[in-house]
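Everything below concerns the one structure shown next.
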Amino acid sequence: MKLDYREIGARIARCRRRQKLTQAQVAELADISNQYLSSIERAVSIPSTEVIMRLAAALDTTPDEFLVGTARQEGERWKSVAEHLRTMDEKKLDIAESFLAWLRQQP
């Protein structure tokens, strides 16, 4: 699956505007710079998995909303998983991402 970073940035911007938040507010919540968030929303920069997770947490949604356009809202379980991922370093996030990709392929 090829990711459309222009659409991902647009989804992040729509979610932010829907919640009536500024780029500065979301950037602060996600611990990234305003300029970086602006670049992501305009598809000038490609966000890492970690940044997608931080933005999802800052905007109280799941990464699904940004990546595929739908947010999972089945209970609060996704928030627990997202919180675990948010605290991981890059090496652990790479392992988690590989595991999740493998898990999705399982019957």
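The values are calculated or read from the model by the stated rules, or taken from the named source; none is laboratory data. Keep in mind it's a predicted model, so treat the numbers as computed, not measured. Glycine gets a Cβ as well: all are built from the backbone with ideal geometry, and neighbour counts include every protein chain shown. We work out accessible area using only protein heavy atoms, side chains counted, and drop any ligands, DNA or RNA first. Shrake-Rupley method; radii C 1.70, N 1.55, O 1.52, S 1.80 Å.
Working from the alpha-carbon coordinates of region 11-51, get Rg over Rh, Rh being the Kirkwood radius. Ratio value, two decimals: 0.92. Per residue, the chain reaches -19500 deg cm²/dmol at 222 nm when only DSSP H runs of four or more residues are counted, each adding -39500 (n - 2.57).
Based on the Kirkwood radius over alpha-carbon pairs, what is the Stokes-Einstein translational diffusion coefficient of the chain at 4 °C with 1.567 mPa s viscosity, in µm²/s? Answer from the Stokes-Einstein relation: 91 µm²/s. Free of any trypsin sites (Lys or Arg not before Pro) that DSSP assigns to a loop and that have at most 15 other C-beta atoms within 10 Å, the longest stretch within the chain is 73-107.
Multiplying the residue separation of residue 67 and residue 106 by 0.36 nm and subtracting their alpha-carbon distance yields 12.0 nm.
Remark: the chain carries a charge dipole of roughly 360 debye about the Cα centre, counting +1 on each Lys and Arg Cβ and -1 on each Asp and Glu Cβ. For residue 60, the accessible area of its heavy atoms, probed at 1.4 Å with every protein chain present, is near 90 square angstrom. Summary value for the chain: 24 percent relative contact order, contacts being C-alpha pairs under 8 angstrom separated by 6+ residues.
Quick one: if the Förster radius is 25 Å, what FRET efficiency do residue 99 and residue 3 give, using the C-beta to C-beta distance and rounding to 0.05? Calculated value: 0.85.
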